[in-house]
Amino acid sequence: MKKLKYLFAIIVAFSMLLIAKPVHAVDTDPEIKATNYNLLVHLDTKKNQLQESATITIQNNTAKPITQVMVRNIASGVLTYDQKHYKGNKNKTTTIKQITANQQKLAYEFKGDESNILVDLPTSLAPGASTQINVEVQTDVPWRKDRFGYQAIAGGKIYNLSFCFPYLSDYRNGKWNYHPYNDEGENRNLAVSDYQAEIYAPKSYKVVTSGESHTKDGKTTVVAKDVRDFAIVASNKFKVSSTKVNGIKINNYYYAGKSAKIYNQLAKQTAVDSIKLFTKKYGPYPYSELDLTESPFSSDTGGMEYSGLVMIAQDTFARKKAASKEDYDSVIEDVSHEVAHQWFFNTVGNDEYTEPWLDEGMAEFSEDIIFDLSPINKIPKKYDETDTAYNGGKSFYSLLRYLVGEKKFDQAMIDYYHTYYLKQATGKDFIAIIKKHDNSKAVNDLIKRYISPKYLQ
């Protein structure tokens with residue numbers, strides 16, 4: 001996500017500097033993993049409601065039999081927040097209708113809050129074995145300009161549908177990982193999985209998703225391989241324009257408006273340039289398509305990233321009034337930032353709740369330093385410890401690049417990207433790669449100034 005204001009909640013979640021907790025290097029895959037999701041989704045645009053059925057294939061990679069799994073329904077956390085802060089969403093709810101295996105109802109309980117569902121398996125799952133469970137959910141879609149919500153636009157409606165599909169929690173180091181929902185930041189910690197989906201919406205709606213999709217007569221069929229997080233955007237007023245770069249199809253979904261033509265050209269060209277540049281600097285883009293959706297958010301947010309899909313938080317261009325130079329600058333910043341997330345978070349994953357500097361800091365660095373080509377050429381005497389996840393992370397990477405040297409830094413980033421391609425890394429993993437390429441005193445001093453010594457143990 002591109003945040004235009006750096007809020008306290010993100011600062012609290014950020015694990016750099018002395019507030020950091022030790023995070024050990026992770027196994028690249030979780031010990032209990034969802035290898036496949038099969039989704040059936042019905043969008044009711046009259047009731048503003050989702051009917052969802054998620055069949056999750058679960059593999060036990062631990063050395064012991066397991067009898068329970070943790071399913072997450074983040075929509076509960078989102079709607080609980082919305083009920084308190086948005087009057088129009090007071091009655092919005094999400095309800096688990098049933099959880100089954102082979103049509104047998106399974107017992108479950110909530111842990112902490114209703115976002116976290118501990119499910120009893122019908123029989124013990126042996127090491128190396130797989131099983132399937134089905135989770136049926138009914139979820140209201142809130143009226144909100146955000147990554148999960150619907151709103152009026154261009155004489156029609158748009159539905160941003162993310163953070164609203166059930167998924168298996170991450171199981172590492174002998175425990176389930178379920179962070180509390182934080183509306184200002186993010187709390188995803190997902191392994192890469194394959195998705196198949198059938199989505200039903202009114203025929204007048206264009207439906208955009210992670211992965212490759214095909215729509216006919218109101219039914220959208222989706223195949224999405226190696227996806228870290230799945231999202232849907234649907235609107236009955238979308239226009240679409242496509243181009244290609246490096247064999248990758250870029251689809252830009254946007255709205256009619258006085259400046260729409262220029263917005264479309266600028267958004268697509270920024271995506272093309274970003275893919276070319278980040279491929280050269282980091283490694284290949286992992287998917288065959290990239291979808292951009294013009295998705296108005298609140299004023300302090302620039303967009304949101306998902307595998308193969310990015311929401312770009314613009315609505316100025318859908319109006320009759322001409323856009324300003326600042327609006328065009330914002331498009332370039334937001335598109336380059338969200339496309340950078342295709343490399344960092346979606347391909348090389350991390351726990352964005354505990355270590356947002358690994359994805360947000362790297363996306364900010366990629367946007368400002370790599371894409372804008374504005375290198376830092378001297379080390380500042382003082383460090384700003386407030387804008388941590390974005391500005392703090394960007395400063396750290398910028399200074400690191402200066403000390404290591406551009407050529408060696410590029411080699412280290414390619415190494416990091418290929419080592420953790422479609423896997424998950426921690427800050428300790430990243431630092432180990434950097435030290436492999438440059439273990440000088442200057443680099444170690446910089447690391448110590450930015451990261452708590454406890455964090456490096």
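Computed 3J(HN,Hα) for segment 46-61, one whole-Hz value per residue from the Karplus formula 6.51 cos²θ - 1.76 cosθ + 1.60 where θ = phi - 60°, is 8, 8, 6, 8, 10, 10, 10, 10, 10, 9, 10, 8, 10, 10, 8, 9, glycine and proline marked x.
With the full set of protein chains in place, find how many percent of the accessible area of segment 412-452 is carbon and sulfur; take the probe as 1.4 Å.
On the way: 890 of 1650 Å².
Carbon-and-sulfur percentage of accessible area, whole number: 54.
Taking other residues whose beta carbon is less than 13 angstrom from the beta carbon of Gln59, and scoring Lys, Arg as +1 and Asp, Glu as -1, yields -2.
Using just the helices of the chain, give the 222 nm mean residue ellipticity in deg cm²/dmol: DSSP H runs with n ≥ 4 each add -39,500 (n - 2.57), and the total is spread over all residues, rounded to 500.
Working: 9 runs with 106 residues, N = 457.
Helix-only estimate at 222 nm: -7000 deg cm²/dmol.
In this calculation the C-beta distance from Lys249 to Glu109 is compared with R0 = 51 Å, giving a FRET efficiency of 0.70. Rolling a 1.4 angstrom probe over segment 270-346 with all protein chains present gives an accessible area of which 51% lies on carbon and sulfur atoms. The Cβ shell under 12 Å around Asn182 holds other residues with a net charge of -3, Lys and Arg each +1, Asp and Glu each -1.
Each part gets one Cα centre, and for segment 264-278 versus segment 319-349 those centres are 10 Å apart. In the context of the full set of protein chains, the chain has a per residue accessible area of 41 Å² (1.4 Å probe). Taking a sphere under 11 Å around the Cβ of Ser204 and counting the other residues whose Cβ falls inside, with K and R at +1 and D and E at -1, yields a net charge of +4. In terms of distances greater than 27 angstrom between alpha carbons, the cross-link table entries Lys84/Lys105; Lys2/Lys206; Lys47/Lys203; Lys261/Lys281 yield Lys84/Lys105; Lys261/Lys281.
If you plug the beta carbon distance of Ser130 and Gln411 into 1/(1 + (r/R0)^6) with R0 = 60 Å, you get a FRET efficiency near 0.95.
Contact order, relative form, for the chain: 19 percent (alpha carbon pairs under 8 Å, 6 or more residues apart, mean separation divided by residue count). In this structure, the residue pairs whose Cα-Cα separation is over 18 Å, taken from Lys145/Lys225; Lys33/Lys423; Lys276/Lys428; Lys268/Lys407; Lys408/Lys441, are Lys145/Lys225; Lys276/Lys428; Lys268/Lys407.
So if each residue of separation counts as 0.36 nm, and I subtract the Cα-Cα distance between Lys175 and Lys321, what length gain in nm does that give?
Numbers: separation 146, 0.36 × 146 = 52.56 nm, distance 5.29 nm.
Gain on stretching Lys175 to Lys321: 47.3 nm.
Here the Karplus curve 6.51 cos²θ - 1.76 cosθ + 1.60, taken at θ = phi - 60°, turns the phi angles of segment 283-288 into couplings of x, x, 5, x, 10, 8 Hz, with x standing for Gly and Pro.
Hey, can you list the DSSP H helices of the chain whose Cα span along the axis is 30 Å or longer and whose average Kyte-Doolittle score is at least -1.0? Length and hydropathy pass: 260-281.
Measuring nothing but protein heavy atoms, the accessible surface of segment 128-231 at 1.4 Å probe radius is 46 percent carbon and sulfur. Annotation: amide H-H contacts under 5 Å for Lys237 (H modelled 1.01 Å from N, sequence separation of 5 or more, or interchain): Lys157, Lys206. Label sites at Thr93 and Ala63, each approximated as a point 7 angstrom past Cα along Cα to Cβ, lie 4.6 nm apart. Relative to the current alpha-carbon distance between Asp372 and Thr123, full extension at 0.36 nm per residue lengthens the span by 84.1 nm.
Taking only the Cα atoms of segment 291-377, the radius of gyration and Dmax are 13.7, 43 Å.
The values are calculated or read from the model by the stated rules, or taken from the named source; none is laboratory data. The model shown is predicted, which means the values in this text are computed figures rather than measured ones. Reconstructed Cβ throughout: ideal geometry from the backbone, glycine too, with neighbour counts over all protein chains shown. Please note that ligands, DNA and RNA were not included when accessible areas were found on the heavy atoms of the full protein model with its side chains. Shrake-Rupley method; radii C 1.70, N 1.55, O 1.52, S 1.80 Å.
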